[in-house]
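S.K.: Below is the structure I would like to discuss, written out as structure tokens.
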Amino acid sequence: MDRGSLNGGASVVVDLSAHAASLARTARTRSSDLQLEPPPVPPLLDELEASLARFDGHPDTAEAFAAAGVRARALAAAGGGGDEALRSAALAYAADALTGLKLERALPQTAVSELVSTVASALGCSTETVSLDLFLRAASSPRLLELPPLVTVELQLGLLVALAPVSDASLWSGGPLEDLGCLVHVGDAHPTRRVRNVAQATLDGIPDGGVSERGWIHSVAVKRWQQPYAALVARARPDCRRQALVFLEEAGAILAPVLERNMLLERNAARERALVDSGERRLLRLGFDLHDGPIQDLVALAADVRLAGSQVAEHVDGRAREVVAGRLDDLSAQIVGLDRTLRELAQSLEPTSVLESSLTDVLRREVDSFRARTHIRAGLDLVGDLDSLTASQRIALYRIVQESLANVREHSGANEVQIRVRAGERGTEAQVVDDGRGFEVAKTLIRAAKRGRLGLVGMGERVRLLGGSFDVQSSPGGPTSIRLVLPPWQPVAADIAEPALL
């Protein structure tokens, strides 16, 4: 190669390097420009949000729709923003919106088909495809799975009836040692004896409950450890059998972990009931001991004071008799007050008063008694159905409110205390707040534990046994807040009225 060709090659290298540098500067400039611009909004998601806006007419669903939009955009961005990512994100948005509407009971089943048609039109696919995809996504939503099992199952079967080609669905359970029972039913038609027989056949291992392909009743087994644990039965036209069975098989797989969680909850509840019952028996015995011991001693003491008064009157005259009689009367009044307090305490230790009466009435009586014994203003705010709590939860809630008020009376120096209890689908929250002098939480708890005074510690342990959370907030100068949250618990196998078999 001659010198000219070498020089020419060097020239080419120089030119290419200069060109590469120019491209790099351009790329950096464009990158800088892009960083200044907000990310583009996917048009498909925008259009779908606008189309589904007419379903967002319930005041409690606005938050669900907003959260669904944020999640859909994050999914689209994580998927690269391509067509497939946008379609998947759009289906996720529709499923989250549908879940929010179902949770708030704000969407009639008849309107679900309109929502499905809207989504199918926006995505350019069939309503059958959208229905199956929405069911799989919505029925597996974490928002459903965090609810009590019975509520979760009811909502999942509601989604099945709304999205699958079935008119009604029911979940049946039973074993060798227990009768077959309908746990949950959704739909207009009540379960018939034929439906019950199909469910029993499915649990016995007969495929599709022994129903012919031309029948209207279809069934699949919900399995645990590959063995039938429950039966999911639905009605569908014979020409929709294949599609209905696909929905039922998928629903059975989704229901299995919910039933498994219910079984674990039942086992934990049995242990918790045993622990609570043991504690309540000890308290009941303490109540009897108070009645048969110290209270009877006070009755005897009151009689002795009256006898002493009559004897003193015989031997003391004049002014001295009046002074002694007045002091003895004061002592008698104190004995009467102490007797009344001990009797109220002995009665409050009986758990039957909490279980046999409305918890709302029990708490109101406790607060009224607190007002009568102190000069502290007490407010009570009760919201929700407190009688839907389990027996152990009711006892624990009552005991904690009772102990909190005792602490306010004895130690706080408060002028006012507020008790708030709110029960809802996501659990029960109780809070006792006083405007007293407050205390250092950590030091007080340690000091109380060393002295064997386990009031606050015992409260926290009660709540922990029930799977809840307990928190004490205070500081010198106050205020003091005691807050507890009890999780919802309503097992699938709860005592519910079985639908009449026609």
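S.K.: Accessible area per residue of segment 45-203 at 1.4 Å probe, in Å²? Don't jump to the answer; show the numbers that get you there.
M.R.: Details: 6740 Å² over 159 residues.
I get 42 Å² per residue for segment 45-203.
S.K.: Let me ask another. Using the C-alpha gyration tensor of segment 65-141, what are the square roots of 5 times its eigenvalues, in whole angstrom, with the largest one first? Walk me through the intermediate numbers first.
M.R.: Working: eigenvalues 81, 46, 18 Å².
One finds semi-axes of 20, 15, 9 Å for segment 65-141.
S.K.: Quote to one decimal, in nm, the extra length available between residue 193 and residue 319 on full extension: 0.36 nm per residue of separation minus the C-alpha distance between them. Provide the component values of the computation, followed by the final result.
M.R.: Numbers: separation 126, 0.36 × 126 = 45.36 nm, distance 9.11 nm.
So the chain would gain 36.2 nm between residue 193 and residue 319.
S.K.: Here is a follow-up. List every residue whose amide H lies under 5 Å from the amide H of residue 184, counting only residues 5 or more places away in sequence or on a different chain, with H placed 1.01 Å from N in the peptide plane.
M.R.: 171
S.K.: If you don't mind, another one. Can you compute the charge dipole magnitude of segment 401-483 about its Cα centre, using +1 on each Lys and Arg Cβ and -1 on each Asp and Glu Cβ, nothing else charged? Give it in debye, rounded to the nearest 20.
M.R.: On the way: 13 positive and 10 negative charges, 67 e Å.
So the dipole magnitude of segment 401-483 works out to roughly 320 debye.
S.K.: Could you give the dipole magnitude of segment 59-147 about its Cα centre, charging the beta-carbon of Lys and Arg +1 and that of Asp and Glu -1, in debye to the nearest 20? Display every interim value, and only then the final one.
M.R.: Values: 7 positive and 10 negative charges, 20 e Å.
My answer is approximately 100 debye.
S.K.: Once the whole set of protein chains is in place, how much accessible area is left on residue 443, using a 1.4 Å probe, in Å² to the nearest 10?
M.R.: Answer for residue 443: close to 130 Å² accessible.
S.K.: Looking at segment 393-476, what % of the alpha carbon pairs are farther apart than 21 Å?
M.R.: Values: 1007 of 3486 pairs.
Every Cα pair in segment 393-476 considered, those over 21 Å come to 29 percent.
S.K.: Rounded to the nearest whole Å³, what is the per residue volume of the convex hull around the Cα atoms of segment 382-431? Each step should come with its number before you reach the end.
M.R.: Values: hull volume 3.4 nm³, N = 50.
Roughly 67 Å³ of hull volume per residue.
S.K.: Could you sort 261, 71 by accessible area so the largest value comes first, with the probe set to 1.4 Å? Intermediate values should be presented prior to the final figure.
M.R.: Details: 261 80, 71 110 Å².
Largest accessible area first, the residues go 71, 261.
S.K.: Here's a follow-up. Just read off the accessible area of residue 343 with the full protein assembly in place, 1.4 Å probe, to the nearest 10 Å².
M.R.: So the heavy atoms of residue 343 present about 90 Å² to solvent.
S.K.: Between residue 411 and residue 334, take the C-beta separation as r, use R0 = 30 Å, and let me know the FRET efficiency to the nearest 0.05. Write down the numbers at each step before the final one.
M.R.: Values: r = 22 Å, r/R0 = 0.73.
About 0.85, to the nearest 0.05.
S.K.: Continuing with the same structure: For a quick check of understanding: with a 1.4 angstrom probe and all protein chains in place, what accessible area in square angstrom does residue 55 have, to the nearest ten?
M.R.: Accessible area of residue 55: about 20 Å².
S.K.: Still on this structure, please answer the following. Among 446, 376, what's the order by accessible area (1.4 angstrom probe), most exposed first?
M.R.: Numbers: 446 95, 376 20 Å².
The residues order as 446, 376, largest area first.
S.K.: Just add up the charged neighbours of residue 375: K/R +1, D/E -1, any other residue whose Cβ is under 12 Å from the Cβ of residue 375. Show your work: numbers first, answer last.
M.R.: Values: positive: 371, 373, 377, 409; negative: 416.
Charge balance near residue 375 sits at +3.
The values are calculated or read from the model by the stated rules, or taken from the named source; none is laboratory data. Remember, it's a predicted structure, so these values are computed and weren't measured experimentally. Here Cβ is always computed from backbone atoms with ideal geometry, including for glycine, and neighbour counts include all displayed protein chains. Areas reflect the complete protein model, heavy atoms only, side chains present, ligands, DNA and RNA absent. Shrake-Rupley method; radii C 1.70, N 1.55, O 1.52, S 1.80 Å.
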